[in-house]
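Laboratory data are not the source of any read-out in this text; all were calculated from the coordinates shown. All values derive from a computational prediction rather than experimental measurement. All Cβ positions, even for glycine, are placed from backbone atoms using ideal geometry, and neighbour counts span all protein chains on display.
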Amino acid sequence: MKNTIRQVFHSPKFVAGFAIFVAILLVMFIYPLINPGNPLEQIGVGTFAKPGTYISLYDAAKTNTQTLRLPEAADNRIAARLSMDDRVEMINWFGTMNISVEGLDINDTDALIELWNQNYDPSARPEGMTSAKINYYKRLNNSIAELSASDTISIADYDEEGNLAVTKTISDTDYVNTKDVANVKTLPLGTDNFGRDVLKELVSATGTSIRIGLIAGIVATLIGLTFGLLAGYLGGVVDDIIMFVTNIFTVIPSFVLLILITYSLGQEQRGAAIVAIVIGLTSWTWTARSVRSQVISLRNRDHVNLSKLSGHSLIRIVVMDILPYIASYVVMAFILQVSSGILAEAQLSLLGLGPKTTQVPTLGLMMNWAMLYSAHTNGSWWAYFPVILVITLISFSLNLMNTGLDQVFNPTLRD
């Protein structure tokens, strides 16, 4: 056993896949300790908040400020507020007024605004331009003028006599230290369409999907192993019956059968464990056929015949004399079943047939939510791309581990 384990961990592919999978598991266990709470808790009212650090404006206004005169603060402020659409419209206005923009970089905010201030005429009425577009340019000009001017913000509150009075003024050179602000929230992956922390949700969903894959893998492997051992060792009528059942499941596409079963269960009955069991019940056929082939090549070996002559029971012969010789193959089949179980859950959830949505998140459910609320069309990449990346990493690590084991135990692949 020690020698076998040593050989396995000398396989670069297995070690790489194992390291990736363990890293995912460590994040899955450690992150909830750092950021505890319900992963489905709605912390945002709006949808798809961008990744970043958010501070309470109310608390920031009440926090003591420091005056900092940063040389590029005004430029950065203007560049952030002037959207790409506004910049394009400014270029279009220059073209309408026959003003040369040769050599002008649309991302050069200072040069763009300087050219605008030199040439824009609010009284101009270009031929063919609608009133709505003219009013848009006026509003844009007022916004640029407002951004360019140094200004202050006044905070007012009611005094003891009920009169509204200014209590504090904030200028564009006032800054607060985020450590002094009472409420600061960092969202590395922003929020989803329901205003939930995507990273916390992703970690929880990863754990749920791996559990689904493990349960599905155990169920499929046990069924396939049992049928394969019995069919391969006993042969005859038993083999014919088992292979008849196996062929029926093989002819019917397993995913179609999976869809029909999960749909018939209903939303309220589809917990994560139930979905995993259903996946396992529909994905055992190729394991059974492969194990049967392996057992057929072993059932007439000398040590098996010796056990038969010794009067050993069927269970003892199968467990003690045949199973150890195919143990490595069973482990590899189990790893592939886990990987396919995770992918099957993701496919089901994308179709709206995944686990009950109010209980636990899964990677497939997160993809389903992102698709339903058009995250892929409105640029909210953080709602779906990390999910795709995690599914890819899990599948890649498991398949890499399987390839490494195959190189260790398959004589034809050894160097």
field: Angle between the chain longest axis and helix 198-234 axis [Cα atoms, degrees, rounded to 10]
entry: 20 degrees
query: Can you give the relative contact order of the stretch 278-415 as a percent, counting alpha carbon pairs under 8 Å and 6+ residues apart?
result: 20 percent
- request: Go ahead and estimate [θ] at 222 nm for the chain from helices alone: -39,500 (n - 2.57) per DSSP H run with n ≥ 4, summed, over the residue count, rounded to 500.
  value: -19500 deg cm²/dmol
message: I need the calculated FRET efficiency for the pair residue 169 and residue 55, taking r as the beta carbon distance and R₀ as 22 Å, to the nearest 0.05.
response: 0.65
query: What is the order of 367, 84, 401, fewest Cβ neighbours within 10 Å to most?
result: 84, 367, 401
field: Cα-projected label distance for residue 237 with residue 256, points at 7 Å along beta-carbon direction, nm
entry: 3.3 nm
task: Express in whole angstrom the spacing between the alpha-carbon centres of the stretch 191-220 and the stretch 1-18.
output: 28 Å
- prompt: If each residue's Cβ is checked for other Cβ atoms within 10 Å, how do 249, 9 rank with the fewest at the top?
  reply: 9, 249
- prompt: Which longest run of the chain has no exposed loop site in it, a site being trypsin sites (Lys or Arg not before Pro) in a DSSP loop with at most 16 other beta carbons within 10 Å, and the site itself not part of the run?
  reply: 70-300
task: Using Cα centres only, tell me the gap between the stretch 381-397 and the stretch 299-317 in whole Å.
output: 48 Å
query: How far is helix 236-251 tilted off the main Cα axis of the chain, in degrees rounded to 10, range 0 to 90?
result: 20 degrees
task: Using a 10 Å Cβ count of at most 14 others and DSSP loop calls, identify the longest part of the chain lacking such GluC sites (Glu not before Pro).
output: 162-415
- prompt: Taking the Cα atoms only, what angle lies between the long axis of helix 12-34 and the longest principal axis of the chain, rounded to 10 degrees?
  reply: 60 degrees
task: Pairs to check: 62/200; 50/179; 50/200; 62/168; 50/356. Give those whose C-alpha atoms are more than 19 Å from each other in this structure.
output: 62/200; 50/179; 50/356
- request: Please order 94, 194, 334 by the number of other Cβ within 10 Å, starting at the fewest.
  value: 194, 94, 334
- prompt: Amide H of residue 186: which non-local residues (sequence gap of 5 or more, or other chain) have their own amide H closer than 5 Å, using H built in the peptide plane?
  reply: 54
